[in-house]
Amino acid sequence: MPVYKLHYFNLRGRAELARLIMSQAGVEFEDVRFERTEWPALKATMPFGQVPVLEVDGQMLAQSNTISRYLSRKHDLAGKDDWEQALADMYADNINDLMTGMRPAFLEKDADKQKELYEKFMTETVATHVAIVEKQLEKNGTGHLVGKELTWADLAYYGFFSFLVEKFGEDFLKDASHLKSLIALVAELPNIKKWVESRPKTEI
Ligand SMILES: N[C@@H](CCC(=O)N[C@@H](CS)C(=O)NCC(=O)O)C(=O)O
């Protein structure tokens, strides 16, 4: 088994999906977390000056979805054929877009403006996305986003949407029973449960 080290800030952010995948797969990893004040000294050590970075036996891999796709393929969470793998990629890219869409609100320093930006994000971007994904989950009819089994797409949706539920409550899921069930299904997976209980508590 390779020695995995995941480098990121002390946040869930763009690293949490890789952590969820490694936890679900039951592989050991060193969860290297640093504070913002430590970052300037570390930036030049990362392949593209950004994190997350997964170190695999000393080799450095950047880009959050590349890392998660690599881990999913290695640990049987990528989808069972090329088409399923493409669908899983599609869902993971959607979550990446949602994270990017939330960034202006997250970075806003003015509290009133921030509230406004989060509200707009939830009522426009998230609401539209939830309605679409709800229909797709219903159509797939297996309780999973892709095929019949758990993939990293399910973990990606769990990671991001469970964070939104924590921050904004679950009212935004009131017409999305399938998505709600997916979040609950992943939350109940023993390895995920164990990880979520033991991980550092962070704001985002
Ligand atoms: N597309 C990249 C974006 C990575 C990214 O924006 N990383 C941020 C943290 S979430 C970062 O390293 N910020 C510090 C910097 O750019 O100096 C990915 O998905 O990994």
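The values are calculated or read from the model by the stated rules, or taken from the named source; none is laboratory data. Source: prediction; values computed, not measured. Quick reminder, even Gly has a Cβ in these numbers, built from the backbone with ideal geometry, and neighbours come from all protein chains shown. Surface areas here come from the heavy atoms of the whole protein model, side chains and all, with no ligands, DNA or RNA. Shrake-Rupley method; radii C 1.70, N 1.55, O 1.52, S 1.80 Å.
Report whether or not PRO190 is open to solvent by 60 Å² or more (accessible area, probe 1.4 Å) and closer than 20 Å to ARG19 by Cβ. Spell out the reasoning first.
Working: open to solvent by 60 Å² or more (accessible area, probe 1.4 Å): yes; closer than 20 Å to ARG19 by Cβ: yes.
Spelling it out, PRO190 is indeed open to solvent by 60 Å² or more (accessible area, probe 1.4 Å) and closer than 20 Å to ARG19 by Cβ.
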Looking only at the range 1-18, how many residues end up being closer than 14 Å to LYS74 by Cα and touching a Phe, Trp or Tyr at 6+ places or on another chain (Cβ under 8 Å)?
1
When the range 10-23 is examined, which residues are found to be farther than 18 Å from ILE204 by Cβ, among the aliphatic types (A, V, I, L, M) and in contact (Cβ under 8 Å) with a residue 60 or more places away in the chain?
ILE21
Given the conditions (1) open to solvent by less than 90 Å² (accessible area, probe 1.4 Å); (2) part of a helix (DSSP H, G or I); (3) among the hydrophobic types (A, V, I, L, M, F, W, C), every one holds for TRP83 apart from (1)
Cβ pairs under 6 Å, 6+ apart or interchain, first in the range 24-51 and assigned by TED's automatic domain parsing to the domain that holds ARG12, second of a type outside the set (Ser, Thr, Tyr) and assigned to a loop (DSSP other than H, G, I, E, B), ordered by first then second residue, are ALA25/HIS75; ARG33/ASN10; LYS43/GLY49
Of everything in the range 17-68, what is outside any loop (DSSP other than H, G, I, E, B), within 11 Å of the ligand (Cβ to nearest atom), among the polar types (S, T, N, Q) and surrounded by fewer than 22 Cβ atoms within 10 Å (Cβ to Cβ)? Give them in sequence order.
ASN65, THR66
Looking at VAL133, VAL146, which is the one that is of a type in the set (A, V, I, L, M, F, W, C) and not in a loop (DSSP other than H, G, I, E, B)?
VAL133
Selection within the range 88-109 - without any contact (Cβ under 8 Å) to a residue 24 or more places away in the chain and in contact with an Asp or Glu (Cβ under 9 Å, 6 or more places away or on another chain)
ALA105, GLU108
Being closer than 23 Å to ALA184 by Cβ, surrounded by fewer than 19 Cβ atoms within 10 Å (Cβ to Cβ) and away from the ligand (no atom under 16 Å from the Cβ) is the requirement here; does GLU149 meet it?
yes
